[in-house]
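Everything on this sheet refers to the single structure shown next.
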Amino acid sequence: MIRILLVDDHSLFRESLSRLLEAEPDFQIAATCATAAEAFPVMDREPVDIVLLDYDLGDEQGIAFLDEAKRRRFAGRILMVTAGMTDAGTLRAFESGAAGIFLKHSPPAQLIEAIHKVVAGDIWLDSRAVRSLVAGVSGRAGSTSTTQSLTPRERTVLKAVFEGLTNKEIAANLRISESSVKAVLQQLFEKTGVRTRSQLVRIALEQHAGDWLGE
């Protein structure tokens, strides 16, 4: 059972989303909250697997929630569910520990898919969030440089991973075999010292964004 905490300052959206998710047999709503002040006591007293967090919480911003959750060593995952974010805000959210960004106007079935992926340890990004990440990196001065550059093929596969494409989909888009995609991913893992796609995205953002995504 996946225990979900909703944090959104719009009561109608919270109630509607809560009813939608509770209809899923493997979802359970731990609580719905309008503010971080309401949410953290819930997270302290009962297990929460994933927080669905709005970026704009009225007088608060979701980034502050992410920072506080990290300080408290929250073990669950946090998925931003938002109507929109700035490019800089998108980059900042991932650097602060968000596991994905889901846009509110996307189909409900995609949200259910996103929750499952994020709880399983993966990330969730659609193409608009990828563009925001790249724009956020491009607009930041003094990005950290990398000691190893990427080949054009590695860069293309990395950006496809950011878009959430499977190996099969990447292979079809690039007109190469799945084994070739796996080989490129292995090269990326070796260059970054990670073992999973989620870790690859995180390290690319945090340490190599200016070189690998900003071009």
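The values are calculated or read from the model by the stated rules, or taken from the named source; none is laboratory data. Just so it is clear, the model here is predicted, and its values are computed rather than measured. Cβ atoms come from the backbone with ideal geometry, glycine included; neighbour counts cover every protein chain shown. The accessibility values were calculated without ligands, DNA or RNA, using every heavy atom of the protein model including side chains. Shrake-Rupley method; radii C 1.70, N 1.55, O 1.52, S 1.80 Å.
Yes/no per residue for (1) of a type in the set (Asp, Glu); (2) under 18 Å from the mean Cα position of the chain (by Cα):
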site	(1), (2)
Val7	no, yes
Ser18	no, no
Ala30	no, no
Ala37	no, no
Pro41	no, no
Val51	no, yes
Asp67	yes, yes
Arg73	no, yes
Ala98	no, yes
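Take the residues in the stretch 188-206 that are under 17 Å from the mean Cα position of the chain (by Cα) and of a type outside the set (A, V, I, L, M, F, W, C); name whichever of them is surrounded by the most Cβ atoms within 10 Å (Cβ to Cβ). Residue satisfying both the conditions and the ranking: Arg197.
Yes/no matrix, rows are residues, columns are (1) at positive phi; (2) at pLDDT 85 or above; (3) of a type in the set (Val, Ile, Thr):
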site	(1), (2), (3)
Ile112	no, yes, yes
Trp124	no, yes, no
Ala129	no, no, no
Ser138	no, no, no
Thr151	no, yes, yes
Arg195	no, no, no
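Looking only at the stretch 169-190, residues that are out of contact with any Ser or Thr (no Cβ under 7 Å at 6 or more places or on another chain), under 24 Å from Trp124 (Cβ atoms) and touching a residue at least 12 places away in the same chain (Cβ under 8 Å) come to 7 in all. Any residue in the stretch 4-19 that is out of contact with any Leu (no Cβ under 8 Å at 6 or more places or on another chain), closer than 19 Å to Ala99 by Cβ and touching a residue at least 24 places away in the same chain (Cβ under 8 Å)? Scanning the stretch 4-19 turns up no residue that is out of contact with any Leu (no Cβ under 8 Å at 6 or more places or on another chain), closer than 19 Å to Ala99 by Cβ and touching a residue at least 24 places away in the same chain (Cβ under 8 Å). Just checking, does the stretch 169-187 include any residue being open to solvent by less than 60 Å² (accessible area, probe 1.4 Å), at pLDDT below 65 and assigned to a helix (DSSP H, G or I)? No.
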